[in-house]
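Each remark here refers to the structure printed beneath this line.
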Amino acid sequence: MKPIFEYYDYREYMRAFYEERKRISAFSWREFSKIAGFTSPNYMKVVCDGKSRLSKIGVARVANAMGLADHEKLYFEKLVALSDATDESRKRKILSEIQEMAKVYKIKMLDGDAFAYFESWLNPVLRELAPMNPGKKPLALSKMCYPQVSATEVRRSLDFMVHAGILKNVGEDRYEQTEKIVSGATEIMPLAIRSMHRQMAKNAVDSIDSVPVSKRNFNGVTLSVTQKEYDLIVAEMEIFRQRILSIASGVESGDQVYRLNLQFFPLTKSKENDHE
């Protein structure tokens, strides 16, 4: 069974614990609930199915029932709090606490590097920019970015990507991309992806005034659709995105880093919601 630190969903860990115990013994949801101190024989299954949540006392009971050590119990508590958080700022605060805890206990967290990579727009930019400019110092790279950033920010980003295996240092201020694909599959990734979208959207707005018209392209259309047309348009956008990736993959050595945002969002509520 994987250690709890490879999970960001406490329910997934509880289910994995149950499945492992069931595999090696005659374990049941009734027994799981009983050893955790709950009278309802199916309570653990109800929680794992997402139909109920654990109280503060329940968190301690379940952690003890699964035999978690002290730091594992604390991590489990953080996962429950992360799941119960209703707004993004609260989720981010708890996630920050989890990441600090990982540093203290030297825990390698699943998708931790991917989360950190997508939290800043600068990382994917430098992943492309640094290899195409071998020998350039962080200060020189910083001046090439839109918007311009500090040399310290560039160095921090490059060091992180080398440590995470996203870039390879092949000499003084010389980098190559590795074959590593940056991706994440846990439920925390949307937090980082949303942060990336916000930053890139702001950069797009700023470029209206800071980038010459000949170097950027902005256009749009406002139209009315139903859910059916929306789904078809989104599918077409994905086909287009894949085609763009195909074109870019044929470039041996680029001379500039661009960002393509595909945005398609509502400007009104649907008729079904007009009573709200």
Would you point out the residue of segment 66-79, among those that are free of Cβ contacts under 8 Å to residues at least 12 places away in the same chain and not in a helix (DSSP H, G or I), that is nearest to GLY37 (Cα to Cα)? GLY67
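Quick one: would you say PHE32 is more than 29 Å from MET189 (Cα to Cα), at pLDDT 95 or above and crowded, with 20+ Cβ neighbours inside 10 Å?
Working: more than 29 Å from MET189 (Cα to Cα): yes; at pLDDT 95 or above: yes; crowded, with 20+ Cβ neighbours inside 10 Å: yes.
So PHE32 fits the description; yes.
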I need the helices (runs of 4 or more DSSP H) fully contained in segment 104-157, keeping only those with at least 2 residues that are of a type in the set (Val, Ile, Thr) and touching a Cys at 6+ places or on another chain (Cβ under 8 Å). none
For segment 207-228, the count of residues that are assigned to a loop (DSSP other than H, G, I, E, B) and not small (Gly, Ala, Ser) equals 11
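Counting just the residues of segment 105-124 that are under 20 Å from VAL80 (Cα atoms) and not charged (D, E, K, R), which one comes out modelled with the highest pLDDT? Show your work before the answer.
The initial filter retains those residues of segment 105-124 that are under 20 Å from VAL80 (Cα atoms), namely 105, 107-112, 115.
From what is left, the residues that are not charged (D, E, K, R) are 105, 107, 109-110, 112, 115.
Numbers: TYR105: 78, ILE107: 73, MET109: 70, LEU110: 61, GLY112: 74, PHE115: 82.
Only one residue fits best here, namely PHE115.
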Return only the number of the condition from (1) among the aromatic types (Phe, Trp, Tyr); (2) open to solvent by less than 60 Å² (accessible area, probe 1.4 Å); (3) over 30 Å from HIS197 (Cβ atoms) that TYR105 does not satisfy. (2)
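Residue-by-condition table, conditions (1) β-branched (Val, Ile, Thr); (2) more than 16 Å from the chain's Cα centre (by Cα):
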position	(1), (2)
GLU88	no, no
LYS91	no, no
MET101	no, yes
VAL125	yes, yes
MET132	no, yes
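Considering VAL182, VAL125, which residue is of a type in the set (Val, Ile, Thr) and either surrounded by 18 or more Cβ atoms within 10 Å (Cβ to Cβ) or without any contact (Cβ under 8 Å) to a residue 60 or more places away in the chain (or both)? Before you say what the answer is, go through the steps one by one.
Details: VAL182 fails: either surrounded by 18 or more Cβ atoms within 10 Å (Cβ to Cβ) or without any contact (Cβ under 8 Å) to a residue 60 or more places away in the chain (or both).
Just one listed residue meets the conditions, VAL125.
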Condition check: free of Cβ contacts under 8 Å to residues at least 40 places away in the same chain, open to solvent by less than 10 Å² (accessible area, probe 1.4 Å) and closer than 30 Å to ARG90 by Cα. Does VAL149 satisfy that? no
Might you check whether a residue that is in contact (Cβ under 8 Å) with a residue 60 or more places away in the chain, open to solvent by less than 30 Å² (accessible area, probe 1.4 Å) and among the hydrophobic types (A, V, I, L, M, F, W, C) occurs anywhere in segment 152-159? no
When every residue in segment 46-65 that is over 28 Å from the mean Cα position of the chain (by Cα) and in contact (Cβ under 8 Å) with a residue 24 or more places away in the chain is compared, the one least open to solvent (accessible area, probe 1.4 Å) is ALA65
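Residue by residue, here is whether (1) of a type in the set (A, V, I, L, M); (2) over 18 Å from TYR18 (Cα atoms); (3) touching a Phe, Trp or Tyr at 6+ places or on another chain (Cβ under 9 Å) holds:
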residue: ASN42; (1), (2), (3): no, no, yes
residue: ARG61; (1), (2), (3): no, no, yes
residue: SER83; (1), (2), (3): no, yes, yes
residue: ARG92; (1), (2), (3): no, yes, no
residue: ILE98; (1), (2), (3): yes, yes, yes
residue: PHE115; (1), (2), (3): no, yes, no
residue: LYS136; (1), (2), (3): no, yes, no
residue: ALA140; (1), (2), (3): yes, yes, no
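Any idea which residue in segment 264-274 is farthest from GLU128 (Cα to Cα), counting only those that are open to solvent by 100 Å² or more (accessible area, probe 1.4 Å) and at pLDDT 90 or above?
Among those that are open to solvent by 100 Å² or more (accessible area, probe 1.4 Å) and at pLDDT 90 or above, it is PRO266.
Which ones in segment 232-263 are polar (S, T, N, Q), in contact (Cβ under 8 Å) with a residue 12 or more places away in the chain and open to solvent by less than 100 Å² (accessible area, probe 1.4 Å)? Step through it out loud before you land on a result.
Quick first cut of segment 232-263, residues polar (S, T, N, Q) only: 242, 246, 249, 253, 256, 261, 263.
The next check asks that each one be in contact (Cβ under 8 Å) with a residue 12 or more places away in the chain; those that pass are 253, 261, 263.
Answer for segment 232-263, where residues must be polar (S, T, N, Q), in contact (Cβ under 8 Å) with a residue 12 or more places away in the chain and open to solvent by less than 100 Å² (accessible area, probe 1.4 Å): SER253, ASN261.
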Could you list, in sequence order, all residues of segment 203-231 that are surrounded by 12 or more Cβ atoms within 10 Å (Cβ to Cβ), among the aliphatic types (A, V, I, L, M) and farther than 26 Å from PRO131 by Cα? VAL225
Name every residue in segment 114-157 that is of a type in the set (A, V, I, L, M) and within 24 Å of ARG194 (Cα to Cα), in order of residue number. ALA114, ALA116, LEU122, VAL125, LEU126, LEU129, VAL149, VAL154
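The values are calculated or read from the model by the stated rules, or taken from the named source; none is laboratory data. These numbers were taken from a predicted model, which means no experiment stands behind them. Cβ coordinates were reconstructed from backbone atoms using ideal geometry, including for glycine residues, and neighbour counts include every protein chain displayed. Just so you know, the surface numbers come from the protein's heavy atoms only, side chains and all, with ligands and any DNA or RNA stripped out. Shrake-Rupley method; radii C 1.70, N 1.55, O 1.52, S 1.80 Å.
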